[in-house]
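Notes to accompany the following structure.
Derivation of every value follows stated rules applied to the coordinates shown; laboratory data play no part. What you see is a predicted model, and the numbers here were worked out from it, not measured in a lab. Note that each Cβ is placed from the backbone with ideal geometry, even for glycine, and that neighbours are counted across all protein chains shown.
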Amino acid sequence: MLRDERIRDVDIRLAMPVDAEHIVEIFRAGFPRTLLPYTIYDQPGIVDYLRGMVASQRLGTTSVTAVATYRGQVVAWAQFHRHPTLLFLNHIYVTPDFQAAGVGRLLLRDAIALVKDPGQIYLGSEAFITNHKALRWYRSLGLTPSDRFDWVKIHPVSSRDKPTWWSFDGLITGLASQKRFGFSRFLLRTARAEYVIRLLGRRFYRGNSFDIIDDPSAMTALHTLDPERSLMIITRAEGGEPLYPTVAQGQQVRGRIDVALAVLGHLPI
Ligand SMILES: CC(C)(COP(=O)(O)OP(=O)(O)OC[C@H]1O[C@@H](n2cnc3c(N)ncnc32)[C@H](O)[C@@H]1OP(=O)(O)O)[C@@H](O)C(=O)NCCC(=O)NCCS
């Protein structure tokens with residue numbers, strides 16, 4: 001027996017540019033409000049950006065997005081990151097009024113069929129460690145906990161005593177993207193390493209490695225570019241207590257696609 005009759009009128013398809021506004025609305029309704037500023041979904045150009053992203057997703061982009069519609073209206077969406085053997089469910093959001101009605105399962109099952117590449121055998125995803133509901137949902141699909149990710153926030157300061165050297169690569173195109181979308185990406189090179197840096201809105205940088213904290217040239221470069229911005233680093237937790245102040249912690253989960261599909265095939269959707 002169906003637990004919710006509305007599921008009969010739910011269809012799954014790849015996202016189209018017209019869906020972008022609904023995708024953002026559903027994300028904002030489901031994502032923790034205090035953490036929204038750390039994401040691109042809080043930035044003014046996100047709808048414009050998503051329109052472009054889904055318009056080009058057939059070309060082989062990293063992200064692929066699918067939506068669930070109820071009588072033609074978008075009620076859920078899922079976004080995957082493509083890797084050679086791993087299909088990573090980066091986001092899945094069901095609009096609150098449709099949660100626990102089977103839409104998430106239906107969307108995941110049919111979206112995998114739409115987006116899976118032949119070499120992909122693993123399915124991964126992530127939720128905040130406080131999001132017990134989502135983590136239970138993943139477990140029911142055979143996805144078990146793998147890595148923890150810390151969301152760390154620090155404030156870059158200039159080095160006073162050490163010699164520094166850096167170069168920004170892609171800063172001009174980055175600033176143009178910043179103007180259009182409210183977020184951007186460029187490379188920061190120092191004698192020690194190369195860092196991918198994102199600008200998010202007016203208040204944050206985002207990086208992906210703790211190494212940058214111990215690199216005086218990189219910290220001085222970020223402080224010089226904009227002394228007001230804090231740096232958010234989202235990186236794999238080493239175990240034990242986090243070394244830096246965290247604003248959130250993510251739990252990744254992983255399993256086999258065939259196992260998840262077998263579960264999804266058996267459940268009443
Ligand atoms: C997690 C999420 C995608 C699941 O999709 P869904 O359509 O709500 O879930 P489904 O109806 O397909 O699955 C229902 C099952 O999940 C659990 N569940 C999910 N949401 C639930 C809810 N609101 N109330 C009760 N059970 C819920 C139940 O255990 C249920 O299992 P059961 O059939 O054994 O009772 C959805 O709830 C959601 O969008 N949550 C907010 C955003 C989020 O946390 N996303 C994941 C992290 S990125």
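Below, the figures for the structure above:
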| item | result |
| --- | --- |
| Global form of the stretch 157-228, assessed from the alpha-carbon gyration tensor, a/c cut-off 1.5 | prolate |
| Cα long-axis angle, helix 103-115 against the chain (0 to 90 degrees, to the nearest 10) | 70 |
| The stretch 1-124 - share of DSSP beta bridges that are antiparallel (%, nearest 5) | 85 |
| Helical mean residue ellipticity (222 nm; -39500 (n - 2.57) per DSSP H run of 4+; nearest 500) of the chain | -8000 deg cm²/dmol |
| Cβ-defined net charge surrounding T130, 15 Å radius [Lys, Arg +1; Asp, Glu -1] | +2 |
| The stretch 78-197 - percent relative contact order, Cα under 8 Å, separation 6 or more | 16 |
| Cα gyration tensor shape of the chain, rounded if a/c is under 1.5, else prolate or oblate by comparing a/b with b/c | prolate |
| GNM flexibility winner over the chain from D169, D214, D42 (Cα, springs under 10 Å) | D214 |
| Unit charges at the beta carbon, dipole of the stretch 157-228: most positive-side option, F210, L187, L199 | L199 |
| Within a Gaussian network of the chain (alpha carbon springs, distance under 10 Å), most fluctuating of L231, L59, L188 | L59 |
| The stretch 41-163 - charge dipole about Cα centre, Lys and Arg +1 at Cβ, Asp and Glu -1, debye rounded to 20 | 160 |
| The stretch 138-242, relative contact order in percent, only Cα pairs under 8 angstrom and at least six apart counted | 35 |
| Check: the stretch 157-228 dipole with +1 on Lys, Arg Cβ and -1 on Asp, Glu Cβ, in debye | 360 |
| Residues F186, F210, F80, sorted so that the one with the fewest Cβ neighbours within 10 Å comes first | F210, F186, F80 |
| Built amide H within the under 5 Å cut-off of T235, gap 5+ | D150, V152 |
| Normalised contact order of the chain, rounded percent, pairs of Cα under 8 Å and 6 or more residues apart | 22 |
| For T85, T95, order by how many other beta-carbon atoms lie within 10 Å, fewest first | T85, T95 |
| Nonlocal amide H pairs with R185, under 5 Å, H built at 1.01 Å | L199 |
| Spatially proximal lysines relative to K133 (Cα-Cα < 27 Å; intrachain offsets below 8 disregarded) | K116, K153 |
| Residue-wise HN-Hα coupling along the stretch 225-230, computed from phi with Karplus coefficients 6.51, -1.76, 1.60 (Hz; x: Gly, Pro) | 5, 7, x, 7, 7, 8 |
| C-alpha long axis of helix 171-181 to longest principal axis of the chain, angle in ° | 40 |
| Size of electric dipole in the chain: Cβ of Lys, Arg +1 and of Asp, Glu -1, about Cα centre, debye, nearest 20 | 200 |
